[in-house]
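The values are calculated or read from the model by the stated rules, or taken from the named source; none is laboratory data. These numbers come from a predicted model, not from an experiment. With ideal geometry, Cβ positions are generated from the backbone for all residues, glycine too; neighbour counts draw on all protein chains shown. Note: accessible area is taken over every heavy atom of the protein model, side chains too, but ligands, DNA and RNA are not part of it. Shrake-Rupley method; radii C 1.70, N 1.55, O 1.52, S 1.80 Å.
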Amino acid sequence: STVEKDYRIDAERVEIYTAQGAGSLHPVQILEPAKFAVFYYQNVGNASGASSPHLTDLKFVTLSPIDLTVSMQNAALASTLVSSISDSFSGDENENEDDENNEFHSLSAKDAGRIARLDQALEEDADESTQCSSEHPGNISVHAGKQPRSRRRVVRLKMTSPEATLTVTNDFQGLDEALFKIVAMNCVFGGEVNYPGVSAHEKPCFGCNINTSILADYFDAASNRWESLLTSPWELTFNASRSPQARVQSKRMSTTFDIESSSCHISFSEHFLVNVGAASRMWSVYSGATKQATALVEERVKDDSSKRRLSRSMAAHAARSLITTLPYAIENHSGMSASYSVYDDLIRHPLPASSTRFFRFELFPGRGSGGQRVYGQDVRHSKSITLYIEDTKVVINDMDSEVSKPRSAHYIPDIRAHVFVNVVKSGNSTVLHISSIVEMHNSSSLPFRIGVIGDERVHDLGIVNKSRKRKTNVHDESNSLLKESEQLMTHSVFGLPAPLLRSFTEDTSETLCIQICPVLEDSDGVGLVGMFNLPPMERLVEIATSDESRKMIEVACSPMTSRGTRGSSLAANICCKVSLVGGAHPFVELFIEPRAILQNKLPVGVILRTPMPHTFLSTDAPRLERSTDEDEDPDYTTHKLMPLESVEVFTPGPSIAISLKCADLPIGGTSTGWADGNGEGSMGFIDIPLKCNILEPLKCTFPFKTKSLDRYESSRQVAYRCSGSDFYVLEADDVTPDL
């Protein structure tokens, strides 16, 4: 007899999406709804017929296009789930083994007797079965030693897909960018596996073939468009087989692979390589954080049962902590409060002055239950945002399309002044800037208090902090990384309030007086105050339209105290950059900068000493750790500069005098003294101009100490006597070919 089994599964709507919480909030689609059918056929032939094979046929047919979007967070989540499940099973196996080991113990006399009686009964039953078999030799049984021959098995697989699309996106660390998209058209797969009978001297054989046409695109973040990675469809046919050799009579198996391909034309830009490289580095950071968290738990936790669960929990927390920003942000530097709403939402979100708010646009659903990730030309809903400043509404139709476009001016009737709006790509986020006509940037390592003089008084606007960057693996535990990023973006930028600039903007001949006061830690109660005048509007228009749109203003901050005590002044440079918005409205950016920056580009650390005031390390590193009394001198300011560290100079006057010395003690050879010294222990100074550039590189020398040199020459024969180690002081952009 023949037994046939035939099954069919029809799926009308199969989809995959991720969501948050029990209410499935903010769903994001992974697999768009798909329709497919599965056919399963099995033919079990007559058991007496050895030639009829055992046939299994499996077919998979997609009846609609397959659209799969996989993000890096999805991959990280899947990796974490797989690891957790595998650890759970391995933990259960270990517990079962421990339980089994604990169950082994010595048997009692009663249990041992019961097992002996059971063994004797089984032996008697086996003897009776053997006797019956000898009395009826016609019966074929397994115990008689004759086994039936198993039949051949054949398994066939077929798959047909008219169109399948795979989109890979990078959403690590607040990003939301597509990487590439692969489309497989008219994909046909067929395969057959042949298992011979057990008694036959044959080996399994197989054969398969794949035929498809592949298209691929990559996402160019600079133009916000999909570009062709494969300029033409790539036709690909693949055949593989394993069977006995047909040309010669041999039982040896032969495996062949046959690939037939059309020309593959690839085109890409450097943006594609940069995006793929950034995604690879982010995945490495995620993997490293997971491994470090797991290793930390394994070192500190002794209990194996809780160690595994805790390590995976900490690894997942470490991965989640990598989200430092969101894809979009609004930065308010207009000096007054505002609010915003996303899309046509009636809910307004507050936006205080000098603040940054991160957010994301909710995804619109496609054919599935969740929002669909679409990019570039595939976007059907513009990412619009509405700003509310006083009673004025400013609409940004699409933030993605506004990236890198010129700044736009918007008139606010309530304050009779303009605010400026532009969208830029900053780090991993697309940031919308709201600015007044004047914006302060602190490019130095000192915080400054800003004020505007008007109406016969000083309007204190607050402090523009020193510029800084987030330190690696160091952050405030009381704040989330997202909150820390919001504070970091607005840390060193300050917008002058638009209402205070009303008279300055309306009267084209009036100047604007701005006051800056450096905030010093060791000021001893002596406040330093400096003031400068911003040119009138008509002059700013001339500067913006001239060839040199930058102007340098030197500001001296002098001590002003009620007790009449006087100290040393502090000087800073104000770089005034003016641009014209809309052909008529000047936009001013003021950058507070030190007068000079001295950077150590030697491969060793140096000690810098100067008798002049107001020099500060650019980093938050501690002051010089003095190891000898020789470096201590209250009349000098001393800094220890490691390689690539720098000192910012705010010293007034035309130049600054410095002296340098190697901070490292040599383990061989002779030690050196202060640069350009006239004798051992003396110290010469290098004069660095502050009002102009260094025209030619200054050759300087770390002189060898005489006693060390004499001792070194007495122990070794030297061909000549040199004065020391030479180095050069030059401008950062100097391209002298001899150096």
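List of remarks:
- In the context of the full protein assembly, residue 220 retains an accessible surface of approximately 20 Å², using a probe radius of 1.4 Å and ignoring ligands and nucleic acids.
- Only protein heavy atoms count here; on that basis, with a 1.4 Å probe, residue 597 has an accessible area of about 100 Å².
- Taking a Cβ cut-off of under 15 Å around residue 253, the surrounding Lys, Arg, Asp and Glu residues balance to a net charge of +4, with basic ones at +1 and acidic ones at -1.
- Filter on 405/466; 181/405; 158/291; 35/203; 35/181 - keep pairs with C-alpha separation over 31 Å: 158/291; 35/203
- Residues whose placed amide H lies under 5 Å from that of residue 389, excluding near-sequence neighbours: 394
- Note on residue 218: accessible area is roughly 10 Å² with a 1.4 Å probe, heavy atoms of protein only.
- Positive-end residue of 265, 246, 232, charge dipole of the stretch 225-266 with Cβ unit charges: 246
- Residues 383, 110, sorted by accessible area with the largest first, give 110, 383 [1.4 Å probe; ligands and nucleic acids excluded].
- Fraction of the pair-distance distribution of the stretch 170-250 above 21 Å, Cα-Cα pairs, percent: 57
- 395, 464, reordered so the largest accessible area comes first (probe 1.4 Å): 395, 464
- Under-5 Å amide H pairs with residue 461, H placed in peptide plane, nonlocal only: 450, 451, 452
- The H on the amide N of residue 430, modeled in the peptide plane, is under 5 Å from the matching H of 328, 329, each at least 5 residues off or on a different chain.
- Residue 166 sits among other residues whose Cβ lies under 14 Å from its own Cβ, and their net charge, with Lys and Arg +1 and Asp and Glu -1, is -2.
- Relative contact order of the stretch 342-420, taken over Cα pairs closer than 8 Å and 6 or more residues apart, is 20 percent.
- Largest to smallest in accessible area, the residues 537, 552, 642, 185 fall in the order 552, 642, 185, 537 (1.4 Å probe, all protein chains included).
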